[in-house]
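Shown next, in structure tokens, is the structure this report addresses.
The values are calculated or read from the model by the stated rules, or taken from the named source; none is laboratory data. A quick note: this is a predicted structure, and the numbers were derived from the prediction, not measured. For neighbour counting, all protein chains shown are included, and Cβ atoms are generated from backbone atoms with ideal geometry for every residue, glycine included. In case anyone asks, the SASA skips ligands and DNA or RNA and just uses the protein heavy atoms, side chains included. Shrake-Rupley method; radii C 1.70, N 1.55, O 1.52, S 1.80 Å.
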Amino acid sequence: ASATEDRFIIGSAHRHGQQAVRAPPAVRALAERLGVDVASLKPTSASGMVTLADVERAGELEARHGPSEPLRGVRRAMARNMSRAHAEVVPVSLFEDADVHDWPEDADTTVRLALALAAGCRASPALNAWFDGHAESRRLFEHVDLGIAVNTDDGLFVPVLRNVGGREAADLRTGLDRLRADVRARSIPPQEMVGATITLSNFGALGGRYGTPVVVPPTVAILGAGAIRLVPAVHEGEICARRVLPLSLTFDHRAVTGAEAAGFLMAVVNELRGGGAAP
């Protein structure tokens, strides 16, 4: 995979240069006696050198609570990707509720969200894009290749469901089931983890109403869906209980205007409100 594509492999091992920690021999000797890893310490001195006090504090902490657990594999890559997103993206979030009271009881929420997201991209193509902040350029895509956040005990994976807007609901469900099974079995091909043009996080399947999902570069938008709930609402002039689906859209304001984001979100809401049709 290219360097750009590799950013979408949440479990990939990104290598970053690391500065050597400076510590005098006496400090290193104390660290060895206390079982403290000098390389893991952040110097507090103005000189940038690790001091005896730094080692003693670390030794006391480990004696009291045990050694810290280093992040590895998927969790380490996830932490690095989130740090990079925090440093690079200018995030703004919008929130809205979609009335889904007319959905059948066996409605496929994730597939409906995927199709609604594709409708949002048709209405507002600026959100189905990659943005290069260094070159100050963007690339718009015709096909919606949807990154689907899949939670595992080891961390977050984001396999890609291809050409969402050009597929039938049953085909999308088959594709979703296959991707999730492959992720959990750790047998997913690397090419199925790269190239998402926009992301969906259906965190409501686990719990939660609204959120501020994180946009991972070079994508510019992520839609989060909370748990469907029953709320008092005005429907056809009457106050009644209605089922609503809470939505949270985060977009990169460097590449997407507020009007484009609002247009996308309302197109998603309008598509979801059409409750009588399959799936």
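In the stretch 98-154, counting only strands (runs of 3 or more DSSP E) that sit wholly within it, the ones holding 1 or more residues that are of a type in the set (S, T, N, Q) and free of Cβ contacts under 8 Å to residues at least 40 places away in the same chain span 137-140. A search for C-beta distances below 6 Å between a residue of the stretch 169-196 that is on the phi > 0 side of the Ramachandran plot and any residue that is at pLDDT 90 or above and outside any loop (DSSP other than H, G, I, E, B), counting only pairs 6+ apart in sequence or on different chains, returns 195/160.
Does the stretch 69-84 contain any residue that is under 30 Å from residue 274 (Cβ atoms), open to solvent by 40 Å² or more (accessible area, probe 1.4 Å) and at pLDDT 85 or above? Scanning the stretch 69-84 turns up no residue that is under 30 Å from residue 274 (Cβ atoms), open to solvent by 40 Å² or more (accessible area, probe 1.4 Å) and at pLDDT 85 or above. The condition (being surrounded by fewer than 13 Cβ atoms within 10 Å (Cβ to Cβ) and at pLDDT 85 or above) is satisfied by just one residue among 90, 27: 90.
All conditions but one from (1) among the hydrophobic types (A, V, I, L, M, F, W, C); (2) under 25 Å from residue 154 (Cα atoms); (3) out of contact with any helix residue (DSSP H, G or I) (no Cβ under 8 Å at 6 or more places or on another chain); (4) without any contact (Cβ under 8 Å) to a residue 12 or more places away in the chain apply to residue 29; the one that does not is (2). The set of residues in the stretch 105-132 that are open to solvent by 20 Å² or more (accessible area, probe 1.4 Å) and over 16 Å from residue 271 (Cβ atoms) comprises 105, 106, 130, 131, 132. Residue 60 meets each of the listed conditions (1) open to solvent by 40 Å² or more (accessible area, probe 1.4 Å); (2) out of contact with any Leu (no Cβ under 6 Å at 6 or more places or on another chain); (3) under 30 Å from residue 130 (Cβ atoms); (4) at pLDDT 85 or above apart from (3).
Residues that are among the charged types (D, E, K, R), at pLDDT below 50 and touching a Pro at 6+ places or on another chain (Cβ under 9 Å) within the stretch 7-24 comprise just one, 7. Within the stretch 155-187, the set of residues being open to solvent by less than 30 Å² (accessible area, probe 1.4 Å) and outside any helix (DSSP H, G or I) comprises 155, 157, 158, 159, 160, 161.
Quick one: which strands (runs of 3 or more DSSP E) lie wholly within the stretch 203-279 and hold at least 1 residues that are open to solvent by less than 20 Å² (accessible area, probe 1.4 Å) and touching a residue at least 12 places away in the same chain (Cβ under 8 Å)?
The qualifying strands (runs of 3 or more DSSP E) are 221-225, 238-252.
Looking at 74, 92, just one residue is closer than 30 Å to residue 256 by Cβ and assigned to a helix (DSSP H, G or I), and that residue is 74.
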